[in-house]
Structure formats: C-alpha cells, structure tokens
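*Asks:* To start, I am sharing the structure in question, which I have written as structure tokens.
No value in this document is a laboratory result; all are computed from the given coordinates. Note that the coordinates shown come from a computational prediction; the quantities given were computed from them, not determined experimentally. Please note: Cβ atoms are built from the backbone with ideal geometry, for glycine as well, and neighbour counts cover all protein chains shown.
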Amino acid sequence: MADEMNDITEAPLLVAARGGRPSRTPVWFMRQAGRSLPEYRKVRAGTAMLDACMDPELVCEITLQPVRRHGVDGAILFSDIVVPLKAAGVDLDIVAGTGPVVARPVTTRADVDALPELHEEQVAPVAEAVGLLNRELGDVPLIGFAGAPFTLASYLVEGGPSKHHERTKALMHGDPDLWHALLDKLAGITAEFLRVQVAAGVKAVQLFDSWAGALSERDYREFVLPHSARVLGSVTTVPRIHFGVGTSELLPAMREAGADVVGVDWRTPLDVAVRRLEAAAPHLPKPVVQGNLDPALLFAGLPALEREVDRIKREGEAAAGHIFNLGHGVLPDTDPDVITRAVELVHRAG
C-alpha cells in the first residue's frame with residue numbers, strides 16, 4: 001500500500017496539481033476517451049451513450065484507450081455531465097448531433113421541488129468502473145469529473161443546449177429565489193456524484209462549467225459561485241480542477257470557488273491568466289493552471305503544432321504548476337496520430 005501511494009504521489013500530473021515541478025510537463029486531453037479514436041467507435045457501436053456510461057467494463061475499456069495509444073499522464077473517466085441527473089431519475093437523453101435533451105424543462109417551483117436527490121447506489125456502476133480502472137492504470141492517475149450546477153441548470157431550464165441561455169438568464173434574474181433553490185438541488189447531486197468517485201479511488205476531479213462563459217463576473221459571483229464553492233468544498237482529499245469555456249473574465253472567481261487548478265481555454269495565454277489570478281488574490285499561493293492548446297491546431301500540421309506546444313509550455317512556466325491540455329475537447333475528426341505526436345512534443349525536454 002505504501003509503495004502504491006508513493007507511485008501515485010510521484011505521478012507528474014499530481015505533482016503539478018499540487019504546485020510542484022515534476023520530471024516532465026504532464027499532459028492529458030479533454031475528450032481524449034472518445035470520438036476521435038477508431039477503437040472507441042468500434043467498442044461503443046450499438047450502445048447508447050448513457051448506457052455506455054453505466055457499463056463498468058465498457059467505461060474501463062474506453063477510459064484506458066487513450067492511455068494505451070497516446071501515453072498521456074492522466075486518464076479521464078469516460079462519462080457525461082448529465083449521468084448523475086439521469087441516474088437520479090431525471091427524464092433526459094443524449095441525442096446524436098444535438099446533445100442532452102430534457103423531456104420536461106424546469107420552469108416552476110414545483111419542477112424544482114420534484115427534482116430527485118442522487119443516492120450512492122444509483123451510480124454504483126461508476127464506482128465499480130473506477131475500481132476496475134485503478135487496477136489497470138498503474139501509476140497513471142484517474143481523473144473523475146462532474147458538471148457544475150450552472151451548466152446542469154442551463155440544460156434543465158433550456159431543455160437542451162442553448163446559444164444564448166435566454167431562459168436560464170431570465171429565471172436567474174426574474175426569480176432569484178427559485179434559481180438558487182434549483183442550483184442548491186444540483187449542487188447536492190453533483191457533490192454526491194463526486195463523493196462516490198473519490199471514495200472509489202479517483203486521484204483528482206474536474207468540475208466542468210462549460211457554459212459559465214455566458215455570464216458576467218457580477219452574475220457569476222451572485223448566482224453561481226456559492227453553489228460551485230459548495231461542490232468543490234465537498235472534495236477535500238484530491239486535487240480539484242475547475243474549467244469553463246470563454247471564462248477569461250471569470251478565472252479569479254472560479255479559483256475563489258475552490259479550485260486547486262484553474263483550467264484556461266485557448267483564448268487567454270497562460271502567463272496572462274497567471275498574472276490575472278495573482279493580482280486578484282495576492283494572499284494566495286502562486287496559481288496552478290491547466291491548458292490550453294486550441295483543439296483546431298491539431299489540424300494545422302507538425303511545424304505549427306510544435307511552435308504552439310513550445311509556446312504554451314513557456315507560458316505555463318509562469319505558474320506554480322502546469323498541466324498541459326487543450327483549451328477545450330478533442331474534435332471528432334482529429335487524427336489520433338497527431339494527438340500522440342502532441343503528447344511526445346509536450347514530454348520533450350526544453
């Protein structure tokens with residue numbers, strides 16, 4: 001047991017997440033376990049997304065595929081942000097080409113009151129998958145994840161993906177008490193989902209607030225931060241990564257919510273993000289960041305990819321620790337061999 005703990009402690013990703021300087025820059029990619037891999041498409045053929053997420057052996061296999069193929073420094077649990085909602089009993093599905101679709105959007109107090117709580121046994125297959133993975137991964141840490149309350153609320157209120165989040169913002173401002181009641185419910189579901197993953201043995205967690213970039217900092221602090229802080233505050237034993245898209249103006253607030261590692265999308269250079277985080281909280285330790293290669297640049301050819309990887313690694317040196325990642329997820333048509341080459345470039349010394 002002691003040797004196993006030492007191995008995990010020395011994993012480059014976890015060293016960087018704690019603000020240390022590992023032997024090499026650690027790298028993993030959002031959506032690395034998924035659509036870009038032919039072996040993923042083969043093994044998931046004929047299985048609906050949400051069914052796949054509740055099949056422990058299939059979750060284990062899909063999570064392992066990019067570790068085997070690319071040599072990444074972290075495995076991200078194959079799942080989806082709406083899994084705990086579905087498991088708890090919310091009537092929703094993931095529609096190909098659209099995303100999560102909710103049968104009955106949340107609009108009233110009765111709708112919020114009717115939302116179920118999540119119980120451990122409802123996500124037991126996820127915990128089983130974590131156990132299987134920890135036996136297979138060796139010293140590669142497994143990252144668990146969940147969707148943040150705001151992003152989950154947006155799907156529930158809009159009924160599915162939204163470009164403008166008009167119904168979400170209307171509820172937020174038009175009935176703040178109902179809004180906070182909704183996010184309180186969702187924070188409880190998310191916290192329980194992460195608790196189950198941590199208890200099962202994940203070595204880090206990432207909270208995805210995919211749509212938080214649609215908000216002003218003022219709205220984020222008033223309507224979102226307290227609920228994300230509750231979720232992140234419920235995780236005390238493993239590093240916590242907090243990520244959103246288009247959140248340049250929100251980065252200090254997202255760190256304030258309880259992040260050990262702040263995910264930065266491709267729009268903000270990492271050294272700029274570090275300066276912004278330091279200026280906002282000079283009393284805190286030097287920040288740790290994750291990111292932030294533009295996923296589209298995996299299509300730009302090797303010379304451009306090499307330049308961008310080197311630039312991002314240099315900019316990441318401004319932080320206490322840097323975990324290399326994309327600024328969002330792997331695009332479906334990405335050549336897997338290019339992803340492997342990107343990992344090699346990140347690991348390259350200098």
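*Asks:* Restricting to DSSP H runs of at least four residues, report the calculated mean residue ellipticity at 222 nm for the chain, -39500 (n - 2.57) per run over all residues, nearest 500 deg cm²/dmol.
*Replies:* Numbers: 17 runs with 169 residues, N = 350.
Helix-only estimate at 222 nm: -14000 deg cm²/dmol.
*Asks:* Measuring from centroid to centroid over Cα atoms, what is the spacing of the range 229-260 and the range 100-173 in Å?
*Replies:* About 17 Å separates the Cα centre of the range 229-260 from the one of the range 100-173.
*Asks:* Given Lys86/Lys163; Lys86/Lys169; Lys163/Lys286, which pairs have Cα atoms separated by over 28 Å?
*Replies:* Numbers: Lys86/Lys163 23 Å; Lys86/Lys169 24 Å; Lys163/Lys286 35 Å.
Violating the 28 Å limit, Cα to Cα: Lys163/Lys286.
*Asks:* Quick one: among Arg18, Arg109, Arg195, which has the greatest mean-square fluctuation in a GNM of the chain with alpha-carbon springs under 10 angstrom?
*Replies:* Among Arg18, Arg109, Arg195, the largest mean-square fluctuation in the Gaussian network model of the chain belongs to Arg109.
*Asks:* Comparing Thr268, Thr190, Thr247, which has the greatest mean-square fluctuation in the GNM of the chain with Cα pairs linked when under 10 Å apart?
*Replies:* For the chain, modelled as a Gaussian network with Cα springs under 10 Å, the answer is Thr268.
*Asks:* Then there's this: If you take every DSSP beta bridge fully contained in the range 2-347, what fraction is antiparallel? Give it as a percent rounded to 5.
*Replies:* Working: 4 of 27 bridges.
Of the beta bridges lying entirely in the range 2-347, close to 15 percent run antiparallel.
*Asks:* Same structure again: Largest first and to the nearest Å, give the Cα extent of the range 2-347 along each principal axis.
*Replies:* 53, 48, 44
*Asks:* By the gyration tensor of its Cα atoms, with a ≥ b ≥ c the square roots of the eigenvalues, what is the shape of the range 293-335: rounded for a/c under 1.5, prolate for a/b over b/c, or oblate?
*Replies:* Values: a/c = 3.72, a/b = 1.59, b/c = 2.34.
Since a/c reaches 1.5 but b/c is at least a/b, the shape of the range 293-335 is classed as oblate.
*Asks:* A follow-up question, please. How far apart, in nm, are two points set 7 Å out from the Cα along the Cα-to-Cβ line at Arg311 and at Glu10?
*Replies:* Modelled inter-label distance: 3.6 nm.
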